[in-house]
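Data first, discussion second: the structure below is written as structure tokens.
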Amino acid sequence: DAKTTQPTSMDCAEGRAANLPCNHSTISGNEYVYWYRQIHSQGPQYIIHGLKNNETNEMASLIITEDRKSSTLILPHATLRDTAVYYCIVNSQGGKLIFGQGTELSVKP
Amino acid sequence: GAGVSQSPSNKVTEKGKDVELRCDPISGHTALYWYRQSLGQGLEFLIYFQGNSAPDKSGLPSDRFSAERTGGSVSTLTIQRTQQEDSAVYLCASSLITVGQGTEAFFGQGTRLTVV
């Protein structure tokens, strides 16, 4: 599975967009990009995933660069409840998700 | 049920005892995954099932750990002769097909295991 690189931590003001970057320069053609988050003491929560095209759902948007070497998760209007660790995971046919250290996002009033 | 269910939610056991942790996946999900998370650490992959077979057991930390899945549904993770370093939250997830085929996995709330 390809490796991902994320900033260790980020801050965001409440009500503003949170843009979380992820580098995955060794991604191969059949690997999906997944985003999960984990709020303290809870199980990880699925956010969104994509292969080549940008994706949007009720939680977030996923922007994948044309060369697929990086992506950005966008939370359009961050709230205090969005404070969590966000994981970017690149998955292949291996059938499992390997979690890295993620980005600790703090949303501040 | 609506989501992945794990039981018990908390388990305290004495060092040397065996424990069984149970996972009920979302109905119809063929893939099932086990992870563990030690205090302040990231998620560590243990094993996953496709149906009743386990194509990847690479994350099981020792031969004291085993898992099985029956009827393509419920899975049990067994830890024999528990040690203090086994203390962690054990998380289970399920997905319709394997995540390698582009489907999302949903996690339970975990079993917090404390070995004293």
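Taking all protein chains as shown and a probe of 1.4 angstrom, A:C12 keeps an accessible surface of around 10 Å².
Ranked from largest to smallest solvent-accessible area, with a 1.4 Å probe on the protein heavy atoms, B:S95, B:S5 come out as B:S5, B:S95.
The distance separating the Cα centre of the range B:48-110 from that of the range A:19-43 comes to 21 Å. Both numbers refer to the Cα atoms of the protein assembly as shown; Rg and Dmax are 17.7, 54 Å. Oblate is the label for the range A:62-109. Its Cα gyration tensor axes, ordered a ≥ b ≥ c, give a/c of at least 1.5 and b/c at or above a/b.
Using heavy atoms of the protein chains and a probe of 1.4 Å, the accessible area assigned to B:T78 is about 30 Å². These residues, A:H24, B:H29, A:H40, go from largest to smallest accessible area, 1.4 Å probe, as A:H40, B:H29, A:H24. Each 5 Å bin, from zero up to the one with the longest distance, holds this percent of the alpha carbon pairs of chain B: 2, 13, 24, 26, 19, 10, 4, 1, 0. Taking only the alpha carbons of the range A:1-45, we obtain Rg and Dmax values of 13.3, 36 Å in that order.
Ignoring any ligand, DNA or RNA, what whole percent of the accessible area of the protein assembly as shown comes from carbon and sulfur when the probe is 1.4 angstrom? Carbon plus sulfur share of accessible area: 46 percent. Of the GluC sites (Glu not before Pro) found in the range A:5-86, the ones in coil according to DSSP and having at most 12 other Cβ atoms within 10 Å of their Cβ are A:E58, A:E66. Beta bridges from DSSP with both residues in the protein assembly as shown: antiparallel share about 85 percent, rounded to the nearest 5.
The 3J(HN,Hα) values that the Karplus relation (6.51, -1.76, 1.60; θ = phi - 60°) gives for the range A:77-89 are, in residue order, 9, 5, 10, 4, 6, 7, 5, 5, 9, 10, 10, 9, 10 Hz. Gly and Pro appear as x.
Listed values for the range B:31-36 are Karplus-derived 3J(HN,Hα) couplings in whole Hz (6.51 cos²θ - 1.76 cosθ + 1.60, θ = phi - 60°), namely 9, 9, 10, 10, 10, 9, and x replaces Gly and Pro. In the range A:62-109, the residues whose accessible area drops by at least 40 square angstrom when the other protein chains are added to the isolated chain are A:G95, A:K96, A:L97, A:F99; the probe is 1.4 Å and only protein heavy atoms count.
Remark: mean inter-chain Cβ contacts per residue of B:28-34 equal 1, using a 10 Å Cβ-Cβ cutoff to other protein chain atoms.
Excluding ligands, DNA and RNA, what is the accessible area buried between chains A and B, summed over both sides, using a 1.4 Å probe, to the nearest 100 Å²?
1700 Å²
Only Lys, Arg, Asp and Glu carry charge here, each on its Cβ (+1 for the first two, -1 for the last two); on that basis the protein assembly as shown has a dipole of about 260 debye about its Cα centre.
Residues whose amide H falls under 5 Å from that of B:S5, counting only those 5 or more places apart or on a different chain, are B:D24, with hydrogens built in the peptide plane. Classify chain A: rounded, prolate or oblate, from the alpha-carbon gyration tensor (a ≥ b ≥ c, eigenvalue square roots; a/c under 1.5 rounded; otherwise prolate if a/b is larger than b/c)? Here chain A falls in the prolate category.
P(r) for the range B:61-116, from all Cα pairs and a bin width of 5 Å, is 4, 15, 20, 23, 18, 11, 6, 1, 0 %, short bins first. Using the Cβ of A:R37 as centre and a radius below 12 Å, the other residues enclosed give a net charge of -1, where K and R count +1 and D and E count -1. What the phi angles of the range A:47-57 give under the Karplus curve with 6.51, -1.76 and 1.60, with θ = phi - 60°, is a coupling list of 10, 6, 8, x, 10, 10, 7, 5, 10, 9, 9 Hz, glycine and proline written as x. For the protein assembly as shown, can you list the cysteines whose C-beta has no other cysteine C-beta under 4.7 Å from it? If one checks each Cβ against the other cysteines of the protein assembly as shown, A:C12 turn up with nothing under 4.7 Å.
The values are calculated or read from the model by the stated rules, or taken from the named source; none is laboratory data. Not measured: the values here are computed from a predicted model. We place every Cβ from the backbone using ideal geometry, glycine too, and count neighbours over all the protein chains shown. Heavy atoms of the whole protein, side chains included, go into the accessibility calculation; ligands, DNA and RNA do not. Shrake-Rupley method; radii C 1.70, N 1.55, O 1.52, S 1.80 Å.
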